[in-house]
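**Q** Pasting a structure below so you can have a look.
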Amino acid sequence: MAIAMLEYDFMRNAFVAAGVAAVVSGLVGYFLVLRGQTFAGHALGHIGFTGATGAVLLGIAPIWGLVGFTVAAGIGMGLLGERIGGRDVAIGVVLALALGFGLLFLHYYTAFATEVTALLFGNVLAVERSTIATLTGLAVVTLAGLAAIMRPLIFASLQPELAEAKGVPLRFVSTAFLAIVALAVSESAQIVGILLVFALMVGPPATAQRLVTGLWSGMALSAALALAEAWAGIAIAYQTDWPVSFCIALLSALGYFLTRGSVLPRARTKR
Amino acid sequence: MNVIELDRVTLSIGGHSVLIDTSLAIKPGEFIGVLGPNGAGKTTLMRAILGLLPPSAGSIQVFGRPPQRGDRDIGYLPQVRTVLPDLRVRGRDFIASSVHGERWGVPSLKRAERVMIDDMLAAAGAGDLGRRPLSEMSGGERQRLLLAQALLGEPRLLLLDEPLISLDYRYQEAVIDLVRRFARERNITVLFSAHELNALIGALDRVLYLGNGRAALGTVEEVVTAPVLSQLYGADINVVRADGQIFVLSRGRSVEHAEHTHDESHDHGHDHGHRHA
């Protein structure tokens, strides 16, 4: 059955595209969860929706609108700074506004309904070879960026006060990181859609952090889980005819709740 | 040569002067207890020594040179420790992040650096903490881990900002003993800020009291007196010595306990065993 599945071009493309995006999402998502910034990741996806619909209105491929808007928004959020209390509210207001604009763009481009569904919920089975090249290129840029800032990023995420004293430029690191998150969100949105980026960017890393406590092992496990969930999701979708994004989201949630159930009570009693 | 020298220094945050026209000198190997009411500038002074806050007037010299951000001769344990409550990262990786954490690229540690971390964890009695995630540590254990981290890289000056906060008495003594022992063995100069003088009395060489924009540096006998402290607190202060302990009172109430309870609201800790004596 697995072999029959791979006889189709669109299935092979789906596996490759989902694999690339899943590894990137799992690695970048690990830091997103470590830093407690998942809401920012979520907001970037929503803002990306505006970029994508706006790009279509201008006759540009949606992915470039998505990338451009999320990266700009990520940099903007990073520059706004670390006042976390006010930030969640600000992000909430901005993301509602962004979605509103997205709707406005749709209003002027009504012939766009299927593409909107694809944007919001993903359509990995319709990925073309050219998209795979784009996704791979973006993945290389994203992971190179992450590798470049990884050491100070870890330090600043775990111990911001000490990192500042030791000369880590906190604002630059957090801004660069949000730009990297924006790229990962754009990747992930191609597979599971904007509304479900959490399935690849939060579920696997959160599960990995439940299972292992080392940084390297956590990163590796997060990427492996994201990959496994994405591929298994596609395989299940092939068998059941359910939407792929649903299957991936289901596996992501299952993984997380299974580990929570088994690990958390032990952790609690130790406190 | 003095380790720290302040020459007519004024430190301001957002236009508000925390320390005004202050001069003082701290010698190598001294253990200085830094005390004073909240907002008196204990943290601000440490940040200035670290080179994070340039003085608005006067000059600061650390090891005979202006403070430099990222000075390897300084070990620092900051007060506001934003440890995420659910941080499931093991202690060893947590403190390893501080070793050359300011360098770009993918983290990697040399063999010698890994050995150094293990040795320090063992020396601080925190060997088992290296394998446990921070989310499962008590306040005292976390503090021991952070102390081990501050001692990494053989610092010549230790800046410890409220390392006793939210620790019960037993752990307070253990932390002070550990710092004292390391400082003596390696001739490290220590600035140790705290809310309560009595816990530190046995360990400190001199006390630095901050308050009202001023600073008083001297032995406990010289500084912890009613006239000096009344000026620093800007209130009528009584100093009562009883049973080898010193109580700083304002209108009959302990100043230190008022401070201490006030500070708890800033503490995001999940720490048990806080002393409410």
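What follows draws every value from the coordinates through simple rules; no lab data is involved. Keep in mind that what you see is a predicted model, and the values were worked out from it rather than measured. Ideal geometry is used to build each Cβ from the backbone, glycine not excepted, and the neighbour counts take in all protein chains shown.
**Q** Which cross-chain or sequence-distant (5 or more) residues have an amide H under 5 Å from the amide H of residue B:75, H modelled 1.01 Å from N in plane?
**A** B:156, B:157, B:158, B:159
**Q** With θ set to phi - 60° and the Karplus curve 6.51 cos²θ - 1.76 cosθ + 1.60, what are the ³J(HN,Hα) couplings of region B:176-181 in order, to the nearest whole Hz, using x for Gly and Pro?
**A** Running phi through 6.51 cos²θ - 1.76 cosθ + 1.60 with θ = phi - 60° gives 5, 4, 4, 5, 4, 5 Hz.
**Q** Name the residues whose placed amide hydrogens come within less than 5 Å of the amide hydrogen of residue A:109, ignoring near sequence neighbours (fewer than 5 apart) on the same chain.
**A** none
**Q** Can you list the HN-Hα couplings for region A:60-71, worked out from phi with the Karplus curve (6.51, -1.76, 1.60; θ = phi - 60°), rounded to whole Hz and with x for Gly and Pro?
**A** Once rounded to whole Hz, the list reads 9, 4, x, 4, 6, x, 4, 4, x, 5, 5, 5.
**Q** Something else now. Return P(r) of chain A (all Cα-Cα pairs; 10 Å bins starting at 0; whole %; ordered from short to long distances).
**A** 7, 30, 35, 21, 6, 1
**Q** Charges at C-beta only: +1 for Lys and Arg, -1 for Asp and Glu. How large is the resulting dipole of chain A about its Cα centre, in Debye rounded to 20?
**A** Here chain A has a charge dipole of around 1060 debye.
**Q** Check the straight Cα-Cα distances from residue B:27 and name the aspartates and glutamates below 14 Å, setting aside those fewer than 8 residues away within the same chain.
**A** Residue B:27 reaches B:5, B:205.
**Q** Out of B:126, B:216, B:25, any idea which swings most in a Gaussian network model of chain B, alpha carbons joined below 10 Å?
**A** B:25
**Q** May I ask you to evaluate 6.51 cos²θ - 1.76 cosθ + 1.60, the Karplus curve with θ = phi - 60°, for each residue of region A:36-47 and list the ³J(HN,Hα) values in order in whole Hz, giving x for glycine and proline?
**A** Each residue's phi maps through the Karplus curve to give x, 10, 4, 5, 4, x, 4, 4, 4, x, 4, 5 Hz.
**Q** Could you check which residue among A:240, A:50, A:131 shows the biggest mean-square fluctuation in a GNM of chain A with a 10 Å Cα cutoff?
**A** A:240
**Q** Which of the peptides B:35-41, B:180-186 is most tightly packed, and how do the rest follow, judged by the mean count of other Cβ atoms within 10 Å per residue?
**A** B:35-41, B:180-186
**Q** I've got another one for you. Compute the distance in nm between two label points, each set 7 Å from the Cα along the Cα-to-Cβ direction, one at residue A:220 and one at residue B:201.
**A** Label at residue A:220, label at residue B:201, 5.5 nm between them.
**Q** Let me ask something else. When B:251, A:171 are ordered from fewest to most other Cβ atoms inside 10 Å of their Cβ, what list results?
**A** In order of increasing Cβ crowding within 10 Å: B:251, A:171.
**Q** Would you mind ranking B:171, A:30, A:108, B:233 so that the residue whose beta carbon has the fewest other beta carbons within 10 Å leads the list?
**A** Final ranking by Cβ density, sparse to dense: A:108, B:233, B:171, A:30.
**Q** Continuing with the same structure: Tell me, in nm to one decimal, what length is gained between residue A:117 and residue A:79 on full extension, where the rule is 0.36 nm per residue of separation less the Cα-Cα distance?
**A** Fully extending the segment from residue A:117 to residue A:79 adds 10.5 nm.
**Q** Here's another thing I want to ask about it. Under 5 Å between amide hydrogens, which residues at least 5 positions from residue B:23 or on another chain qualify, with H placed 1.01 Å from N in the peptide plane?
**A** Here the answer is B:8, B:9, since their amide H atoms fall under 5 Å of that of residue B:23.
**Q** Can you sort B:31, A:10 from fewest to most other Cβ atoms within 10 Å of each residue's own Cβ?
**A** The order, fewest Cβ neighbours first, is A:10, B:31.
**Q** Sequence neighbours fewer than 8 away in the same chain don't count; with that in mind, list the aspartates and glutamates whose C-alpha is under 13 Å from residue A:166.
**A** B:71, B:73, B:102
**Q** Follow-up. Run the helix sum for chain B: -39,500 (n - 2.57) per DSSP H stretch of 4+ residues, divided by residue count, reported at 222 nm to the nearest 500 deg cm²/dmol.
**A** -8500 deg cm²/dmol
**Q** Compare A:29, A:261, A:41 in a GNM of chain A, Cα atoms joined below 10 Å, and give the one with the largest fluctuation.
**A** A:261
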